[in-house]
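Q: Mind having a look at this structure? Questions to follow.
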């Protein structure tokens with residue numbers, strides 16, 4: 001009785017492809033094909049939302065906060081009407097954002113949004129200005 005499998009092992013390239021597919025989040029991969037990629041990081045002093053925006057100009061990016069959400073919108077052009085939204089992602093966090101200190105930076109086709117854990121704004125702010133480097 002032979003208990004050994006006579007099948008041929010996968011070539012290393014096939015194994016790497018299989019591992020990559022296995023560890024990919026199917027929902028994130030699906031969204032990334034139709035939307036821009038968004039990641040969320042936490043450091044000791046702030047939360048960072050990072051959006052990959054290849055092919056878009058900084059003038060096309062609109063950033064708004066309302067209650068506990070960050071809304072990243074991409075418009076067709078930098079001219080009105082602003083309601084010509086090409087792509088949009090909404091990130092919901094477990095705390096209110098309108099009074100948090102928030103800074104946004106756009107460089108090398110990546111939008112970084114820095115939300116400070118400590119400190120508050122005196123006035124609620126809905127639109128966030130994006131600095132371009």
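Q: I'm checking my understanding of the structure. Among residues of segment 68-87 that are closer than 18 Å to residue 102 by Cβ and at pLDDT 90 or above, which one is farthest from the chain's Cα centre (by Cα)?
A: This residue is 69.
Q: So which residues in segment 93-107 are under 16 Å from the mean Cα position of the chain (by Cα) and modelled with pLDDT of 90 or more?
A: Let us first name the residues in segment 93-107 that are under 16 Å from the mean Cα position of the chain (by Cα), namely 93, 102-107.
Hits for segment 93-107 are 102, 103, 104, 105, 106, 107.
Q: Looking at (1) closer than 21 Å to residue 35 by Cα; (2) exposed (fewer than 15 other Cβ atoms within 10 Å of the Cβ); (3) without any contact (Cβ under 8 Å) to a residue 60 or more places away in the chain, which one does residue 48 not meet, given that it meets all the others?
A: (3)
Q: I would also like to ask the following. Got a number for residues in segment 56-69 being closer than 16 Å to residue 121 by Cα and touching a strand residue (DSSP E or B) at 6+ places or on another chain (Cβ under 7 Å)?
A: Number of matching residues: 3.
Q: Kindly check whether there is at least one residue in segment 108-128 that is surrounded by fewer than 11 Cβ atoms within 10 Å (Cβ to Cβ), under 19 Å from the mean Cα position of the chain (by Cα) and under 21 Å from residue 67 (Cβ atoms).
A: Yes, some residue in segment 108-128 is surrounded by fewer than 11 Cβ atoms within 10 Å (Cβ to Cβ), under 19 Å from the mean Cα position of the chain (by Cα) and under 21 Å from residue 67 (Cβ atoms).
The values are calculated or read from the model by the stated rules, or taken from the named source; none is laboratory data. Bear in mind the structure is a predicted one, so any value in this text is a computation, not a measurement. Heads up, the Cβs are rebuilt from the backbone with ideal geometry, glycines too, and the neighbour counts pull from every protein chain shown.
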